[in-house]
Amino acid sequence: MRQDQEDPYQRRSARVYAGAGRGGRGSDAGVLYDAVLLDRDGTLIEDVPYNGDPEKVRPLPGARAALDRLRAAGLRLAVVTNQSGLARGYFDEEQMRAVHARVEELLGGFDAWLVCPHDDADGCDCRKPAPGLVHAAARELGTSASRCVLVGDIGRDVGAALAAGAAGVLVPTPVTRPEEIAAAGWVATDLPSAVDEILRRQRAVRPARTADKVGTALVVRSDSAGDVLVTGPAIRAVAAGAQRVVLLCGPRGRAAAELLPGVDEIIEHPLPWIDPAPAPVDPDAMRRLTARLWAVGADEAVVFTSFHQSALPLALLLRMAGITRIAAISDDYPGALVDIRHRVPVGVPEPERALSLAAAAGYRLPAGDEPVLRLRDDAVAPRPAAVGDPGYVVLHPGSAASSRACPTELAARIAAALTAAGHRVLVTGGPDERTVTARVAAAGGTDLGGTTDLAGLAALVADAAAVVVGNTGPAHLAAAAGVPVVSLFAPTVPFGQWGPYRVPTVRLGDANAPCRDTRAAACPIPGHPCLSGVDPAEVVEAVRTLTASGGGIR
């Protein structure tokens, strides 16, 4: 629910919300979360349908101790709950407040209570999975939705979190549907386990001690444009502790590397143990790379990789290049190749995975810098005047990995549906995707396929009302610009690791399709079933949800 439409059930009472007016912590660099938002029924207390009787309140096992741990860590707590029983007349406001008073008696006080009193038919912006309650809770707590994590037991809870740009944790119960579990990017077995991981992630991105400022730091991210973009916060953290940062990347990531703040010099070189279609290892090329790295004169190196990649081959070359301090994530035994061997549990978002490695090496983001994706202002090309005023929808159907592209016929129907709903649609793609973008734009929209480089695409994305895209680089460009994303996410890789980071998002597609977790570059299942079942009307509704809630977070 937007602030100008505030409902009386969402207003703070002095008794319940003491101290909730504190300001945000935007200058507390590196902190992932200021606040934890919690669903009520099925998450904090047993789910008694339409309960207006405080005597029926029963806390779930371990809830009080888990909440006390969050309080002790300095996190603010709010309850965000759908209570359609008010609209249906099953209980009144006084009875609901009595239930909430009993919850606080048993579980301790909360900094805010946010209630949607409507039914689904009311079409409000506050009933989960709409993001209104999350935005309202963030305002009450003096922070932003992107610095909140919401814990709930059904898909509506996770959907509301994502649509607001918050993190969402699903704690399934017997009523949670299997498809909701499959779609959730972060699943915990119970509330205490969810709290364990919230606090672990919070600690992981803050160094135990800050390293002395170094002269030159070599950072490595040899992969595609999206991979380089999601490493941006960690590279900024290293840049805050180094006088000079040199980035080693591959040809596929060079354009993205040029957009990152904190990078002083770029070395481009393909690494055959990283590239998806590698050429044979060329000993002379490896000798040239080693000599080039030696010439950098780096005091230390931080090797960033994805969860399925190994840092050890490059670590050997770095040792041969004379670099005496190397930090990397390695599950394999590194011997003498790595000085700071870091490990990260499966499922952590890639930007946080990289930030935690930077923290392990003693680097943290400077004051005022949020742990979000960001681009250099001076690197983004001006937006072409021919596209008209800001507020259009960018539809990007392609991907370098065809398994993650939106089927052309579906993209055309999405373009037609968005145009019919009154949206201006810009269809974007690379030079090799012009045939696809022309077919899609013919159904509705302006064809911009092959007309922009990555910097130009970033400019288009930055002025969009929303971006409709698969799991590919433009999704991360949107996250860097704070632009909402309708994510047509093929589940070949985990959504929790690769979904748009800390930006309002609606995920569409079959999260439990047979291609799940295969990491396939080409679709292994005929008919592309993970996305072919998406209804264009769902995309139109997702755009409405994200734009009606004022989804942009920066």
Single match in L199, L248, L259 (criterion: crowded, with 24+ Cβ neighbours inside 10 Å and either over 14 Å from A358 (Cβ atoms) or of a type outside the set (D, E, K, R) (or both)):
L248
Filter the range 348-383 for residues that are open to solvent by 50 Å² or more (accessible area, probe 1.4 Å) and among the acidic types (D, E) and give the result.
D377, D378
Evaluate the range 397-413: report whether one residue or more is modelled with pLDDT under 90, surrounded by 17 or more Cβ atoms within 10 Å (Cβ to Cβ) and within 25 Å of the chain's Cα centre (by Cα).
yes
Where a residue in the range 344-362 is on the phi < 0 side of the Ramachandran plot and hydroxyl-bearing (S, T, Y) and its partner, wherever it lies, is open to solvent by less than 20 Å² (accessible area, probe 1.4 Å) and not in a helix (DSSP H, G or I), with Cβ under 7 Å and at least six apart
S356/V205
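Could you identify the single residue in Y33, Y17 that is at pLDDT below 95, surrounded by 14 or more Cβ atoms within 10 Å (Cβ to Cβ), on the phi < 0 side of the Ramachandran plot and not β-branched (V, I, T)?
None of the others qualify; the one that does is Y17.
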Every listed condition ((1) assigned to a helix (DSSP H, G or I); (2) of a type in the set (A, V, I, L, M, F, W, C); (3) open to solvent by less than 60 Å² (accessible area, probe 1.4 Å)) holds for A386 save (3)
Filter the range 158-191 for residues that are crowded, with 23+ Cβ neighbours inside 10 Å and free of Cβ contacts under 8 Å to residues at least 24 places away in the same chain; the one that is farthest from V503 (Cα to Cα) is L170
Those residues of the range 369-396 which are in contact with a strand residue (DSSP E or B) (Cβ under 7 Å, 6 or more places away or on another chain) and either modelled with pLDDT under 90 or closer than 28 Å to I235 by Cβ (or both) amount to V387, V394, H396
Could you give me the residue pairs with C-beta distances under 6 Å whose first residue belongs to the range 380-404 and is over 18 Å from A455 (Cβ atoms), whose second residue is among the basic types (K, R) wherever it lies, and which are 6+ apart or on separate chains?
Y392/R424
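Does the range 309-325 contain at least one residue that is without any contact (Cβ under 8 Å) to a residue 12 or more places away in the chain and open to solvent by less than 40 Å² (accessible area, probe 1.4 Å)? Let's see the steps before the verdict.
From the range 309-325, those without any contact (Cβ under 8 Å) to a residue 12 or more places away in the chain are none; that's our starting set.
Within the range 309-325, none of the residues are without any contact (Cβ under 8 Å) to a residue 12 or more places away in the chain and open to solvent by less than 40 Å² (accessible area, probe 1.4 Å).
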Number of the condition not met by S487 [criteria: (1) modelled with pLDDT under 95; (2) closer than 24 Å to N512 by Cα; (3) polar (S, T, N, Q)]:
(1)
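Restricting the search to the range 262-284, which residues are surrounded by 12 or more Cβ atoms within 10 Å (Cβ to Cβ) and under 30 Å from S402 (Cα atoms)?
Just the residues of the range 262-284 that are surrounded by 12 or more Cβ atoms within 10 Å (Cβ to Cβ), to begin with: 262-275, 282.
Matches in the range 262-284: I266, I267, E268, H269, P270, L271, P272, W273, I274, D275, D282.
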Residue that is most open to solvent (accessible area, probe 1.4 Å), among those in the range 285-308 that are more than 27 Å from D332 (Cα to Cα) and among the hydrophobic types (A, V, I, L, M, F, W, C)
A295
Considering only the range 95-140, how many residues are under 22 Å from P49 (Cα atoms), in contact with a Cys (Cβ under 6 Å, 6 or more places away or on another chain) and open to solvent by less than 30 Å² (accessible area, probe 1.4 Å)?
3
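Applying the selection to the range 147-183, what residues are of a type in the set (A, V, I, L, M, F, W, C) and not in a helix (DSSP H, G or I)? Walk me through it before giving the result.
Step one: filter the range 147-183 for residues of a type in the set (A, V, I, L, M, F, W, C), giving 148-151, 154, 158, 160-164, 166-167, 169-171, 175, 181-183.
Hits for the range 147-183 are C148, V149, L150, V151, I154, A166, A167, V169, L170, V171, V175.
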For A136, indicate whether it is of a type in the set (A, V, I, L, M), out of contact with any strand residue (DSSP E or B) (no Cβ under 7 Å at 6 or more places or on another chain) and touching a residue at least 12 places away in the same chain (Cβ under 8 Å).
no
Between a first residue in the range 281-298 that is within 15 Å of V245 (Cα to Cα) and a second residue that is open to solvent by 80 Å² or more (accessible area, probe 1.4 Å), which pairs have beta carbons less than 9 Å apart while being 6 or more apart in sequence or on different chains?
L293/M320; W294/M320
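Just checking, which of E104, E46, E93 is at negative phi and without any contact (Cβ under 8 Å) to a residue 24 or more places away in the chain? Full working, then the answer.
Working: E104 fails: without any contact (Cβ under 8 Å) to a residue 24 or more places away in the chain; E93 fails: without any contact (Cβ under 8 Å) to a residue 24 or more places away in the chain.
Answer to the check: E46.
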Quick one: is G362 within 26 Å of M320 (Cα to Cα) and assigned to a loop (DSSP other than H, G, I, E, B)?
yes
Inside the range 88-134, the number of residues satisfying the requirement of being of a type in the set (G, A, S) and assigned to a loop (DSSP other than H, G, I, E, B) is 5
Taking the range 50-109, which residues are more than 27 Å from A130 (Cβ to Cβ) and at pLDDT below 95?
none
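Which one of L32, L67 is outside any loop (DSSP other than H, G, I, E, B) and either farther than 23 Å from A138 by Cβ or not basic (K, R) (or both)? Can you show your working first?
Details: L32 fails: outside any loop (DSSP other than H, G, I, E, B).
Of L32, L67, the one residue that is outside any loop (DSSP other than H, G, I, E, B) and either farther than 23 Å from A138 by Cβ or not basic (K, R) (or both) is L67.
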I'm checking my understanding of the structure. Among residues of the range 520-539 that are closer than 15 Å to G470 by Cβ and in a loop (DSSP other than H, G, I, E, B), which one is least open to solvent (accessible area, probe 1.4 Å)?
V534
Top-ranked residue of the range 204-228 - restricted to ones that are modelled with pLDDT of 95 or more and charged (D, E, K, R), ranked as surrounded by the most Cβ atoms within 10 Å (Cβ to Cβ)
R221
Hits in the range 198-218 (condition: more than 16 Å from the chain's Cα centre (by Cα) and either closer than 28 Å to G185 by Cα or assigned to a loop (DSSP other than H, G, I, E, B) (or both)):
L199, R200, R203, A204, R206, P207, A208, R209, T210, A211, D212, K213
Filtered residue count, the range 541-554, keeping only those that are among the aliphatic types (A, V, I, L, M) and either assigned to a loop (DSSP other than H, G, I, E, B) or surrounded by fewer than 20 Cβ atoms within 10 Å (Cβ to Cβ) (or both):
2
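The values are calculated or read from the model by the stated rules, or taken from the named source; none is laboratory data. Quick caveat, the model's predicted, so the values are computed rather than measured. Note that each Cβ is placed from the backbone with ideal geometry, even for glycine, and that neighbours are counted across all protein chains shown. All accessible areas refer to the heavy atoms of the entire protein, side chains included, with ligands and DNA or RNA removed. Shrake-Rupley method; radii C 1.70, N 1.55, O 1.52, S 1.80 Å.
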